Amino acid sequence: MLIAFGLWLIDLVLIWFGLRKSAIGLFIITLIFACLVLNYHVTSNLNIDL
Amino acid sequence: MTINNRENLFIWLNSLEVVGILFVLCVAFFFQFVLNELPCPLCLLQRIGLIGICVGLLLNLKFGVRPAHYSLVLLSALFTGFVALRQVALHVVPGTGEYGSAIFGLHFYTWSFVVSMCVVIYTTIVLSFSVQYREGYLKNTSWKTVRYILFFLTLAIVAANIVSVYLECGFKPCPEDPINYLIRW
């Protein structure tokens, strides 16, 4: 979770400094990371392997 | 209505949406720090998705309104909706319990699903208006002030979330049903 929020902080810094493409790239990476975290929390409760 | 007023309208709508999402995150902080209802991992993931919606809208306010920015807003809103729906499904069967307080009869995760679906529907409609994709509004200095205020408010909310998550979980995976903060100060 800390990593995901930290990535948003870095993304805001990139937007502030006008780095649009880097900000969009990091945006996608952050969303993918959040999906991985969601996958971990869902499968850890179900005891299944997706 | 002149063309400039139409462009300003969409910038106002983007700004109001950022304010709305930040308000939702502030309400979550109120329940966490005043009523001592700590967020679970799924709650934190919903906060991450809502912040993603804000960041997508800030891209519009900083670099100009573009369909690509709206698509990022949609992706974040869909992610938030998926997580919220997962949490709703965990508690929808009678007898399975609930998590957190209810606001007007609905819990946070249900409201989160409603808000994210509203963002999806609103963004889908708004991105179809081509007048907003003209350049020129960035020269208006009054919008720069609004942009700065919204940017720093979002930055403050993200920083507060980082501190909150660190106090609750440290560097370990967050507990499924948190009761107390892991790090006390």
> Within region B:102-127, restricting attention to residues that are of a type outside the set (A, V, I, L, M, F, W, C) and out of contact with any helix residue (DSSP H, G or I) (no Cβ under 6 Å at 6 or more places or on another chain), which residue is surrounded by the fewest Cβ atoms within 10 Å (Cβ to Cβ)?
Replying inline: B:GLY105
> Given the residues B:GLY49, B:GLY56, which is the only one that is in contact (Cβ under 8 Å) with a residue 24 or more places away in the chain and within 13 Å of chain A (Cβ to nearest Cβ)?
Replying inline: B:GLY49
> Out of region B:140-185, which residues are modelled with pLDDT of 75 or more and within 14 Å of B:LEU38 (Cβ to Cβ)?
Replying inline: B:ASN161, B:VAL163, B:SER164, B:VAL165, B:TYR166, B:LEU167, B:GLU168, B:CYS169, B:GLY170, B:CYS174
> Which of the helices (runs of 4 or more DSSP H) contained wholly in region B:1-118 include at least 2 residues that are more than 30 Å from B:TYR133 (Cα to Cα) and among the hydroxyl-bearing types (Ser, Thr, Tyr)?
Replying inline: none
>> From the list B:VAL27, B:VAL88, B:VAL83, exactly one residue is exposed (fewer than 15 other Cβ atoms within 10 Å of the Cβ), farther than 17 Å from B:TYR122 by Cα and not hydroxyl-bearing (Ser, Thr, Tyr). Which is it?
In response: B:VAL27
>> Here's a check for you: in region A:22-49, which residue that is at pLDDT below 90 and more than 9 Å from every other protein chain (Cβ to nearest Cβ) is nearest to B:LEU75 (Cα to Cα)?
In response: A:ASN39
>> Restricting to region A:1-40, and then to whatever is touching a helix residue (DSSP H, G or I) at 6+ places or on another chain (Cβ under 6 Å) and among the small types (Gly, Ala, Ser), can you tell me which residue is farthest from B:LYS144 (Cα to Cα)?
In response: A:ALA34
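The values are calculated or read from the model by the stated rules, or taken from the named source; none is laboratory data. Just so we're clear, the structure is a prediction, and the values are computed from it rather than from any experiment. Quick reminder, even Gly has a Cβ in these numbers, built from the backbone with ideal geometry, and neighbours come from all protein chains shown.
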